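Okay, structure first, notes after.
The values are calculated or read from the model by the stated rules, or taken from the named source; none is laboratory data. The model shown is predicted, which means the values in this text are computed figures rather than measured ones. Ideal geometry is used to build each Cβ from the backbone, glycine not excepted, and the neighbour counts take in all protein chains shown. To get the accessible areas, we keep the full protein, side chains included, count just its heavy atoms, and leave off ligands, DNA and RNA. Shrake-Rupley method; radii C 1.70, N 1.55, O 1.52, S 1.80 Å.
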Amino acid sequence: MEIPVQEINEIIEEEASGDGSLISALESIQKRFRYLPPEALILVSERLNVPLAQTYAVATFYNAFSLEPKGEHIIQVCMGTACHVRGSPQILDRLETELGIEAGATTEDGLFTLETVNCLGACALGPVVVIDGEYHGQLTAHKADRLLKKIQKEVGVKNESITDQN
Ligand code: FES
């Protein structure tokens, strides 16, 4: 994928004219591209006068930032203790099978990224899966599968296994 340097520069200029904070510039770039391209880190460092090592340190410290391209839809399966004992491994297994990827990967069509996280702070609702920031609690592998198929249908994924199972 070609990196639109001009667009990155515009984002950085906009940030620099505001509070000019490193985090805020990285957030805007992450939001636009769904990841932080290496070129963007260099441009941000130069424009904001921040050492590149510091920019990388910030970019790798916060979970909200990614140095790898992410899918349009982010699915996070909680593997914290409370969710784990209530069945999150089975949910993860099912989602991995349905998406054809392992946790930490993005589908080839760029639509879905599957991640695991450690405790989302909603243990009472466990097992919890967060899809694009929306919490889904007390899931089972079957319910998670139905949820995924619903989203796949909405985004037009062609999948022969997608059927209405209401
Ligand atoms: S362990 Fe899953 S929300 Fe806390």
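Here region 67-97 is the region considered, the condition is being modelled with pLDDT under 95 and open to solvent by less than 50 Å² (accessible area, probe 1.4 Å), and the residue that is nearest to the ligand (Cβ to nearest atom) is ILE74.
Taking every residue in region 88-107 that is on the phi > 0 side of the Ramachandran plot and pairing it with any residue that is β-branched (Val, Ile, Thr), at least 6 positions away or on another chain, the pairs with Cβ-Cβ distances below 9 Å are GLY100/THR107; GLY104/THR113; GLY104/THR116. It is to be established whether one or more residues within region 135-149 are within 13 Å of the ligand (Cβ to nearest atom), farther than 28 Å from LEU67 by Cα and open to solvent by 80 Å² or more (accessible area, probe 1.4 Å). There is at least one residue in region 135-149 that is within 13 Å of the ligand (Cβ to nearest atom), farther than 28 Å from LEU67 by Cα and open to solvent by 80 Å² or more (accessible area, probe 1.4 Å). Just to be sure, is PRO69 touching a residue at least 60 places away in the same chain (Cβ under 8 Å) and assigned to a loop (DSSP other than H, G, I, E, B)? In short, yes.
Of the set (1) buried (at least 16 other Cβ atoms within 10 Å of the Cβ); (2) away from the ligand (no atom under 16 Å from the Cβ); (3) not hydrophobic (A, V, I, L, M, F, W, C), all apply to GLU115 but (2).
Taking (1) assigned to a loop (DSSP other than H, G, I, E, B); (2) surrounded by fewer than 19 Cβ atoms within 10 Å (Cβ to Cβ) in turn, LEU36 satisfies each apart from (2). Look at region 111-126: where a residue is assigned to a loop (DSSP other than H, G, I, E, B) and a partner is more than 10 Å from the ligand (Cβ to nearest atom), sitting 6+ places away or on another chain with Cβ atoms under 7 Å, you get LEU111/GLY71; LEU111/GLU72; LEU111/HIS73; LEU111/VAL155; LEU111/VAL157.
Give region 29-80 a look and list any residue that's of a type in the set (Gly, Ala, Ser) and out of contact with any strand residue (DSSP E or B) (no Cβ under 7 Å at 6 or more places or on another chain), or say none. Once the filter is applied, which keeps residues that are of a type in the set (Gly, Ala, Ser) and out of contact with any strand residue (DSSP E or B) (no Cβ under 7 Å at 6 or more places or on another chain), region 29-80 yields ALA40, SER45, ALA53, ALA57, ALA59, ALA64, SER66, GLY80. Checked against the criterion of being at pLDDT 90 or above and open to solvent by 30 Å² or more (accessible area, probe 1.4 Å), region 9-25 has at least one qualifying residue.
Checking the stated criteria, GLU154 turns out not to satisfy the condition of being within 30 Å of PHE33 (Cβ to Cβ), at pLDDT below 95 and within 15 Å of the ligand (Cβ to nearest atom).
Of the conditions (1) open to solvent by 40 Å² or more (accessible area, probe 1.4 Å); (2) within 17 Å of the chain's Cα centre (by Cα); (3) under 21 Å from GLU2 (Cα atoms), GLU46 satisfies every one except a single condition; which number is it? Just one mismatch for GLU46, condition (2). Scanning region 23-63 for residues that are of a type in the set (Val, Ile, Thr) and farther than 14 Å from GLU10 by Cβ returns ILE23, ILE42, VAL50, THR55, VAL58, THR60.
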